[in-house]
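Engineer: Quick one: the structure is below, questions incoming.
Readers should treat all values here as calculations from the given coordinates under stated rules, not as data from a laboratory. Bear in mind the structure is a predicted one, so any value in this text is a computation, not a measurement. Because the Cβ atoms are built from the backbone with ideal geometry, glycine has one as well, and the counts that use them run over all protein chains shown.
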């Protein structure tokens, strides 16, 4: 566990207190952890679930046809 002393504006402190009260957190540390988790899930690249990785592997093992040009592809699909 890492401890940090942070400086925040009064408005940010009020927002932390509102979130803390809304979700019933014991302290601001829990509130900050909650906000970080929400940010991570919304904006950072999520880890791939094992089921999705298996699905990707099945797709990669599928049969593919290589085309040398777009025209060749268009002829094959028409």
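Engineer: Has the stretch 61-74 got any residue that is outside any loop (DSSP other than H, G, I, E, B), surrounded by 11 or more Cβ atoms within 10 Å (Cβ to Cβ) and without any contact (Cβ under 8 Å) to a residue 40 or more places away in the chain?
Structural biologist: Let us first name the residues in the stretch 61-74 that are outside any loop (DSSP other than H, G, I, E, B), namely 70-74.
Applying the additional criterion that residues be surrounded by 11 or more Cβ atoms within 10 Å (Cβ to Cβ) yields 72-73.
Narrowing further to those that are without any contact (Cβ under 8 Å) to a residue 40 or more places away in the chain: 72-73.
Scanning the stretch 61-74 turns up at least one residue that is outside any loop (DSSP other than H, G, I, E, B), surrounded by 11 or more Cβ atoms within 10 Å (Cβ to Cβ) and without any contact (Cβ under 8 Å) to a residue 40 or more places away in the chain.
Engineer: Still on this structure, please answer the following. Any residue in the stretch 1-19 that is under 19 Å from residue 37 (Cβ atoms) sitting within a Cβ distance under 8 Å of a residue that is not in a helix (DSSP H, G or I)? List the pairs, counting only those 6 or more apart or interchain.
Structural biologist: Correct list of pairs: 16/8; 19/25.
Engineer: Further question on the same structure: Could you list, in sequence order, all residues of the stretch 25-40 that are in contact with a helix residue (DSSP H, G or I) (Cβ under 9 Å, 6 or more places away or on another chain) and surrounded by fewer than 11 Cβ atoms within 10 Å (Cβ to Cβ)? Quick ask: steps written out before the conclusion?
Structural biologist: Quick first cut of the stretch 25-40, residues in contact with a helix residue (DSSP H, G or I) (Cβ under 9 Å, 6 or more places away or on another chain) only: 25-28, 30-32, 34-35.
Hits for the stretch 25-40 are 26, 27.
Engineer: Find the residue count for the stretch 1-24, including only residues that are exposed (fewer than 11 other Cβ atoms within 10 Å of the Cβ) and in contact with a helix residue (DSSP H, G or I) (Cβ under 7 Å, 6 or more places away or on another chain).
Structural biologist: 1
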